[in-house]
There are 2 protein chains.
Amino acid sequence: MPRRAPPASSIKDVAALAGVSIATVSRVANGVLNKASPETVARVRQAIAALDYRPTSAGRALRQRTSRLVAVLAANLANPAMAAIAASAEVALRENGLVMVLCDTHDRPELQDEYLREMLAQQARAIVLLGAVDSPMLRKLHATPTPLVFVNRRSPVAGTGRFVGIDNRAAGADVARWALSKGLGKAALIHARSASSATRDRVAGILEGFSAEAAALDPAAIRSPEGRDHLAIGREGARQLIEDGMAPALVICTSDLIAYGAARAWREAGLAAAMPRMIGFDDSPLNDWVAPTLSSVRIPYGAFGEAIVAAVTGADRSSGLVLPHLLVERG
Amino acid sequence: MPRRAPPASSIKDVAALAGVSIATVSRVANGVLNKASPETVARVRQAIAALDYRPTSAGRALRQRTSRLVAVLAANLANPAMAAIAASAEVALRENGLVMVLCDTHDRPELQDEYLREMLAQQARAIVLLGAVDSPMLRKLHATPTPLVFVNRRSPVAGTGRFVGIDNRAAGADVARWALSKGLGKAALIHARSASSATRDRVAGILEGFSAEAAALDPAAIRSPEGRDHLAIGREGARQLIEDGMAPALVICTSDLIAYGAARAWREAGLAAAMPRMIGFDDSPLNDWVAPTLSSVRIPYGAFGEAIVAAVTGADRSSGLVLPHLLVERG
DNA sequence: AAAACTTAGGAAAACGTTTTCCTCAAGCCG
DNA sequence: CGGCTTGAGGAAAACGTTTTCCTAAGTTTT
């Protein structure tokens, strides 16, 4: 039933053509040059080129007990920010001879576990979690040597795995400081009811930032409704604020998507003219195009790829990388 | 240097635990039940569960000469429409026991070739091209048994590969008919200067649709500037229209992203109030949230996944699947 | 009761690599 | 000239599966 792959040329063919043993071909192909004379190397290289040979990954993976695959498990690919990270990671991995396998866990623990299992069977070189959720397999994995990299959200198991992301708490505080220094007036906050460390830290930072200036956020102006995605959460949160007669001058959202949703609620309420100022997190690349008045905390997603590679290859022994964020003001 | 994967339990361990040969374990694991007694099957199953055994893909791929990997080569992951297709494909593939490997070719032939080579080395079960571009390797691949599936854009090599997408020509004609029947007045057209069959067919359909009603699109109102992405193209095209004093009542864009770009140009020109009506293609899921006045031809991206799987597994012998589109009117 | 099947399961080959030893020859030192 | 070292390269094992035979017992058919 399984369709056979094309009978590509194998190492044997190259060896035969070059008149050497397969061991030599393998060495040359892998850049081990001190075991063959320059002439032999040249001959083998020529044969490789002539046959368009490339080592089959299955054979290599079998022998080396690890593949060139790096699994990236994203919580939600529909989120442009996640897609941006994935794209950036893909480029960086490729440049390091690794291949990205991208999966969408939909933030569901069972699905995440299923993927973790599969990637273990694939002998993935490393597993990158773009928004991890706690799950049994994840805990088991911590006991294995497979490198685990947590992006945006920290590992649900304290003190394990490398982290790549921004300092969300500091970013939250920055937003609060900015709001106060601008004298924007009454602020509201909409965030996801998620247990993710990113959201938690942002919210904590925001609250801290306000209280550090002896100001405070009206608890009635904080909303964290349930919702199937950030867009819906933002819309629902804003709807509640409007319904309750709140008229904030600024709405802080813990993601750009939440802000998109909130803006829609204001439009739908016929209050487009009285739309409050808004600020989100991520600074989605689309903002300049579709949300010209949305301020946002820019997260350098384009730089995540390299950071992820560094974490994957364990180039630095540190427990992770904290990248800089930047508050981008619009509108 | 390569970090070793955890010493997961292998088929031998299972065999030892169940007191059978590895052949029997393999058979049971693959659901071949007519070669073992029910009791043996049960015993093996128990051992498999106890050891949390899952066949290593490298061994399997080596023996079967094909892997469970399906390569998806996307032209541009930053495009939410592509991301949506990828997400949909990923789910459908997974449900069929296949694993998606996602790559971003950035519409560049060399990069596409590099990925094609790599995926051949990975013994990918099939290769899905989300926006293929012509390239040497692609032509070579047509001679191999590896199934090739073209999504959105048809194969650059006539008559080869399966196709999944909508009838772009008909969709273009639908847009023209809609514009005329609504009596919207003077229309403009912005499209990418791409050689992709999707864009070509849409443009052709639009022009045909107009002439079929004995109307015509002012050639001076058709723009196809160069640009690094659709957003930039839309912005530049609109900028040209504005500069040339065109004041179309409707701007037809061959993608939603182009329309986003065009809208930005009008805003930037200080003409937000006089923004023409717009219609795009894709109907990005984000439209309802960020572009409430953008009409669009909805492409059922959520259904692409299943169609792709059907094409990949060759379940139907047809040369491809044409899915229905739908004109969604907004604003 | 011999012959022919069936059932349950095992032994072993094959898949394509990488890598660990070997070997053989040449060059060097004493 | 005998013993080292070094350079160049080969033979073969091992990795974990799947699958093709094979076998030995039991069961049916003549």
- Could you give, in nm with one decimal, how far A:Arg63 is from each other copy of that position, shortest first, with labels 7 Å out from Cα toward Cβ? 2.0
- Query: Please identify the chymotrypsin sites (Phe, Trp or Tyr not before Pro) of the stretch A:131-215 that satisfy two criteria: DSSP loop assignment and at most 16 other Cβ atoms within 10 Å. Which are they?
  - Reply: none
- Message: Using a 7 Å offset from Cα along the direction of the beta-carbon, what are the separations from A:Glu95 to the same position in each other copy, nm, ascending?
- Response: 3.8
- Item | Calculated P(r) tail over 26 Å for the stretch A:168-300, as whole % of Cα pairs | 11 percent
- DSSP beta bridge pairing in chain A, given as percent antiparallel to the nearest 5: 10 percent
- Task: Please compute P(r) over all alpha-carbon pairs of chain B, binned at 10 Å starting from zero, and give each bin as a whole-number percent.
- Result: 6, 22, 25, 19, 13, 8, 5, 2, 0
- Task: Anything over 28 Å Cα to Cα? Flag those among A:Lys12/A:Lys35; A:Lys35/B:Lys12; A:Lys140/B:Lys35, in the order listed.
- Result: A:Lys35/B:Lys12; A:Lys140/B:Lys35
- In the neighborhood of B:Val41, defined by Cβ-to-Cβ distances under 11 Å, what is the net charge if each Lys or Arg adds +1 and each Asp or Glu adds -1? +3
- Identify the residues of the stretch A:21-65 with backbone N under 17 Å of a label point that sits 7 angstrom from the Cα of B:Lys140 along the Cα-to-Cβ direction, or state none. A:45-57
- Task: Would you compute, from DSSP H runs of 4+ residues alone, the mean residue ellipticity of chain B at 222 nm, taking -39500 (n - 2.57) per run and dividing by the full residue count, rounded to the nearest 500?
- Result: -13500 deg cm²/dmol
- Does anyone have the angle between helix B:197-212 and the longest principal axis of chain B? Alpha-carbon axes, 0 to 90°, nearest 10? 40 degrees
- At q = 0.11, 0.12, 0.20, 0.25 Å⁻¹, what base-10 log of I(q)/I(0) does the Debye formula yield for the stretch A:254-331 when every alpha carbon is treated as an equal point scatterer in vacuo? -0.39, -0.45, -0.84, -1.10
- Normalised contact order of the stretch A:11-55, rounded percent, pairs of Cα under 8 Å and 6 or more residues apart: 43 percent
- Query: Antiparallel as a % of all DSSP beta bridges within the protein assembly as shown, to the nearest 5?
  - Reply: 10 percent
- Taking each label point as 7 Å beyond Cα in the direction of the beta carbon, state the distances from A:Pro38 to the same residue in the other copies, shortest first, in nm. 7.4
- Item | Alpha-carbon Debye profile of the protein assembly as shown, log10 I(q)/I(0) at 0.08, 0.09, 0.11 Å⁻¹ | -0.68, -0.85, -1.18
- Could you give the C-alpha radius of gyration of the stretch B:11-55 expressed as a fraction of 2.2 N^0.38 Å, taking N as the number of residues it contains? 0.94
- Around B:Ser21, with a cut-off of 14 angstrom between Cβ atoms, what is the net charge of the other residues, counting Lys and Arg +1 and Asp and Glu -1? +3
- Query: What is the calculated FRET efficiency for A:Leu327 to B:Arg330, with r their C-beta to C-beta distance and R₀ = 35 Å, to the nearest 0.05?
  - Reply: 0.60
- Message: Between B:Asn34 and B:Arg63, what's the calculated FRET efficiency when r is the beta-carbon distance and R0 is 22 Å? Round to 0.05.
- Response: 0.60
- Separation in nanometres of the label points that stand 7 Å from Cα toward Cβ, at B:Arg117 and A:Gln46: 2.0 nm
- Query: Could you name the aspartates and glutamates in cross-link range of A:Lys182, using Cα to Cα under 14 Å and dropping any fewer than eight places away on the same chain?
  - Reply: A:Asp174, A:Glu213, A:Glu329
- Item | Residue with peak Gaussian network fluctuation, chain A [Cα springs, cutoff 10 Å], from A:Gly261, A:Gly172, A:Gly19 | A:Gly19
- Message: What would the Debye equation give as log₁₀ I(q)/I(0) for the stretch B:105-220 at q = 0.10, 0.12, 0.19 Å⁻¹, counting only Cα atoms as equal point scatterers?
- Response: -0.40, -0.53, -0.93
- Relative to chain A, whose Cα atoms define the longest principal axis, helix A:109-121 and its Cα axis are tilted in degrees, nearest 10, by 20 degrees
- So, with points 7 Å from each Cα along the Cβ direction, the B:Leu184-A:Ala272 label distance in nm works out to 1.6 nm
- Query: Other chains near A:52-64: what is the mean number of their Cβ atoms within 10 Å of each residue's Cβ?
  - Reply: 6
- Message: Within 10 Å of each Cβ in A:288-299, how many Cβ atoms from other chains are there, averaged over the peptide?
- Response: 3
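Read the figures in this text as sums done on the coordinates, not as results from a lab. On a predicted model such as this, the values are computed, not experimentally measured, just so you know. Glycine gets a Cβ as well: all are built from the backbone with ideal geometry, and neighbour counts include every protein chain shown.
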